[in-house]
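Visitor: Mind looking over this structure? Questions follow.
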Amino acid sequence: MPTLLDVQRAIYRSLAEREDDPAAAYIIADGLTAAARLSIYRNTFVGSLTTALRLSYPAVHRLVGAEFFEGAAANFIEQHIPRRACLDDYGAEFADFLECFAPAAGLPYLPGVARLEWAVNVALHVREVDALDLGRLATAEAMHHERIILVLHPSVGLVHDAHPIDAIWRAVLAQDDVAMAAIDLDSGPVWLLVSRGKTGVEVTRISKVAWRFTSALRAERPLQAVLDAVPDAASSAILADHLARGRLVDFRTIANADAAS
Amino acid sequence: MAMRCADDPIPARAGIGLRFQHHQAVLDSRPDVAWLEVHTENYIGGGTSVRYLEAIRPDYPISLHGVGLSLGSAQGLDAAHLDCIKHVVGWVEPALVSEHLSWSTVSGRYLADLLPLPMTEEALYVLCRHVDQFQTCLRRQILIENPSSYLRFRHSTIPEWEFLAAVARRTGCGILCDVNNIYVSACNHGCQPSTYLAALPPASIGEIHLAGHTVRQLDGGRVLRIDDHGSPVVPEVWALYVEALSRFGPVPTLIEWDTNVPALDVLLGEAARADALLEHASVRGRHADAA
């Protein structure tokens with residue numbers, strides 16, 4: 001008699017790897033083959049994950065249409081079985097997958113739109129965190145910049161692309177054909193900041209300098225290293241903007257030895 | 001509508017599944033429905049859904065219905081997922097918490113479905129240990145729901161209804177009796193749904209689920225019923241619900257609708273129909289008591 005684990009491993013092979021024989025040996029056919037019975041569960045498995053991807057990537061779905069999307073999703077799911085039962089977290093690698101998905105090779109902006117949508121998805125679902133109390137920050141100002149790490153709100157995401165993916169994303173979701181037709185794919189690269197504010201998730205075009213500065217903050221590098229990443233004149237304005245919009249939530253100090261390294 | 005207390009029990013009336021398509025409509029119209037049920041896993045993170053539920057929950061008792069803990073996994077519960085559920089239970093303060101008699105995770109991979117267990121003493125032992133662990137973690141009773149199924153294992157030795165009753169007896173958990181699932185599984189496997197209902201201990205029934213299902217025609221004239229929660233409750237399931245109420249008395253009853261989600265009024269109409277049957281069962285119970 002198979003153990004419970006034998007059965008569960010066999011069903012995994014059927015649903016995730018399309019190898020029905022091990023599970024079929026344990027199943028009563030009763031007028032319908034074991035493979036047909038397993039396919040009902042596989043349909044739900046693939047369908048649930050496809051729906052999760054469609055909810056996280058609505059613009060990609062609209063851009064390519066349902067049939068292409070479902071085909072791409074099926075390929076993606078074969079390579080990426082979820083590790084967690086929370087499907088809001090499923091599909092982080094979809095942009096990287098699209099980058100290598102041959103049928104999408106003629107749509108060079110598609111991975112970028114997916115990358116933006118994932119950043120929006122993350123911003124939508126992270127837990128609420130209070131903005132940094134400015135009174136607390138005043139105590140940090142007395143410390144050496146080499147020893148302070150400023151912490152960004154977990155909703156803050158940064159996306160960079162060679163195409164105007166934010167304009168494509170907005171036009172597609174608004175179903176604005178006029179705006180879509182006016183998009184110039186060769187208009188140059190965009191540096192985007194995604195964050196969740198009081199009114200919802202915002203996608204903002206920022207300068208390359210602000211993007212580099214915020215990237216260094218996001219990597220939780222010491223404040224001095226963050227400041228060194230951009231010209232002096234720019235840094236205070238960028239930092240003030242992050243503070244004013246509640247994008248900084250905490251700071252911590254590091255030991256001298258860590259700062260030196 | 002009066003504010004409720006966090007520990008208000010769910011009344012023996014009809015509730016509806018709150019899905020994201022109806023967040024704004026429920027917030028705006030505060031419909032006259034006795035309670036709401038949400039999927040626990042949709043509120044593990046933060047953001048819009050959580051903000052809606054925070055705004056809605058002061059006015060309705062909430063039932064948290066989990067779909068991802070995988071109580072039947074041979075390799076144990078995911079401690080991180082259990083912590084997430086505990087966090088959600090902490091802030092929602094639900095009147096009911098439920099999960100399924102099924103599994104969905106093996107070797108650290110989540111198969112995104114409520115998969116059937118072989119009905120064996122080994123599976124019963126594993127499931128009971130995990131129900132104990134879940135109840136100990138939350139420090140409260142949970143309900144376990146019978147799933148719909150499309151296959152049976154050759155080595156199963158216990159009828160599902162006896163298996164479910166044994167879980168309730170051994171762990172002290174309650175039972176979420178999904179009447180539609182009983183009907184679907186009974187039709188798919190050639191059993192009598194009344195046999196299933198008769199085997200369940202009435203005192204353990206904490207909630208009933210009602211939902212729609214589809215019928216797939218197979219070669220040779222056979223049909224397979226698929227539990228997809230995407231249509232109205234069928235007449236045969238309403239009839240089985242009446243039988244369930246006659247056995248169990250009035251029990252909080254949920255209208256579940258997860259695919260092809262219709263307008264809120266459609267759900268409320270189904271809930272009103274369940275409410276009428278619950279009221280009838282309640283009156284019949286009072287007459288029986290008086291006699």
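Visitor: Identify, among A:158, A:181, A:207, the residue whose Cα sits farthest towards the positive end of the charge dipole of segment A:110-234, taking +1 on the Cβ of Lys and Arg and -1 on the Cβ of Asp and Glu, with the dipole about the Cα centre.
Guide: It is A:158.
Visitor: Let me ask you something else. If you roll a 1.4 Å probe over the protein assembly as shown with all protein chains in place, what percent of the accessible area is carbon or sulfur?
Guide: About 52 percent, which is the carbon plus sulfur part of the accessible surface.
Visitor: Compare the Cα positions of A:85, A:95, A:68 along the charge dipole of segment A:48-96 (+1 at Cβ of Lys, Arg; -1 at Cβ of Asp, Glu; about the Cα centre) and return the one farthest towards the positive end.
Guide: Comparing the listed Cα positions along the dipole, A:85 ranks first.
Visitor: Pulled fully out, how much extra length does the chain show between residue A:102 and residue A:232, if you take 0.36 nm times their separation in residues and subtract their Cα-Cα distance?
Guide: The residue A:102-residue A:232 span can extend by a further 42.4 nm.
Visitor: In nm, to one decimal, how far is the modelled label at residue A:51 from the one at residue B:54, with both set 7 Å along Cα→Cβ?
Guide: Placing both labels 7 Å along Cα→Cβ, they lie 2.7 nm apart.
Visitor: Can you give the average number of partner chain beta-carbon atoms within 10 Å of each beta-carbon in peptide A:25-38, as a whole number?
Guide: Partner Cβ neighbours, averaged per residue: 4.
Visitor: At a Förster radius of 56 Å, what calculated FRET efficiency corresponds to the Cβ-Cβ distance of residue B:288 and residue B:263, to the nearest 0.05?
Guide: 0.90
Visitor: To continue, here is another question. Per the Debye formula with a single identical scatterer at each Cα and no solvent contribution, what log10 I(q)/I(0) holds for segment A:9-150 at q = 0.10 Å⁻¹?
Guide: Those come out to -0.52, one per q.
Visitor: Starting from 0 in steps of 10 Å, tell me what percent of the Cα-Cα pairs of the protein assembly as shown lands in each bin.
Guide: With 10 Å bins starting at 0, P(r) equals 3, 16, 24, 24, 17, 10, 5, 1, 0.
Visitor: What's the buried accessible area, both sides, between A and B using a 1.4 Å probe, rounded to 100 Å²?
Guide: 4100
Visitor: For chain B, what relative contact order do you get, as a whole percent, if you take Cα pairs closer than 8 Å and at least 6 residues apart?
Guide: Once normalised by length, the contact order is 18 percent.
Visitor: What residues does segment B:109-126 have that are buried by at least 50 Å² of accessible area in the full protein assembly compared to the chain on its own, 1.4 angstrom probe?
Guide: Residues shielded by partner chains are B:109, B:110, B:111, B:112, B:113, B:122.
Visitor: A further question on this structure: At 1.4 Å probe size, with every protein chain present, just tell me what the per residue accessible area of segment A:24-132 comes to in Å².
Guide: Per-residue value: 42 Å².
Visitor: Between 0 and 90 degrees, rounded to the nearest ten: what's the tilt of helix A:232-244 against the longest Cα principal axis of chain A?
Guide: Value to nearest ten degrees: 60.
Visitor: About the Cα centre of the protein assembly as shown, what is the dipole size in debye to 20, counting +1 per Lys and Arg Cβ and -1 per Asp and Glu Cβ, all else neutral?
Guide: My answer is approximately 560 debye.
Visitor: Which FRET efficiency, nearest 0.05, do residue A:170 and residue B:223 yield, Cβ-Cβ r, R0 51 Å?
Guide: Approximately 0.60, to the nearest 0.05.
Visitor: Relative contact order, percent, of chain A when contacts are C-alpha pairs under 8 Å separated by at least 6 residues?
Guide: 18
Visitor: Right, next: Quantify how strongly other chains surround peptide A:14-23 by giving the mean number of their Cβ atoms within 10 Å of each of its Cβ atoms.
Guide: Mean partner-chain Cβ count within 10 Å for A:14-23: 1.
Visitor: Which value, in nm² and rounded to one decimal, describes the direction-averaged projected area of the C-alpha convex hull of segment B:119-158?
Guide: Projected area, direction-averaged: 3.3 nm².
Visitor: Which of the DSSP-defined H helices in chain B satisfy a minimum axial length of 24 Å, computed from C-alpha atoms, and a minimum mean Kyte-Doolittle hydropathy of 1.0?
Guide: none
Visitor: Among B:137, B:183, B:168, whose Cα sits farthest toward the positive end of the charge dipole of chain B (+1 at Cβ of Lys/Arg, -1 at Cβ of Asp/Glu, about the Cα centre)?
Guide: So the residue we want is B:168.
Visitor: Which value in Å is the Kirkwood Rh of segment A:157-252 over different Cα pairs?
Guide: For segment A:157-252, inverting the mean 1/r across all distinct Cα pairs yields 14.8 Å.
Visitor: Can you check what the net charge comes to around residue B:157, using other residues whose Cβ is under 13 Å from the Cβ of residue B:157 (Lys, Arg +1; Asp, Glu -1)?
Guide: Counting the neighbours of residue B:157, the net charge comes to -2.
Visitor: Could you check the spin-label model distance between residue A:78 and residue A:250? Points 7 Å from the Cα along Cα→Cβ, value in nm.
Guide: 4.2
The values are calculated or read from the model by the stated rules, or taken from the named source; none is laboratory data. All figures in this text were calculated on a predicted structure; none of them were measured in a lab. Note that we place each Cβ from the backbone using ideal geometry, even for glycine, and neighbour counts take in every protein chain shown. The area values use the complete protein model at the heavy-atom level, side chains included, leaving out ligands, DNA and RNA. Shrake-Rupley method; radii C 1.70, N 1.55, O 1.52, S 1.80 Å.
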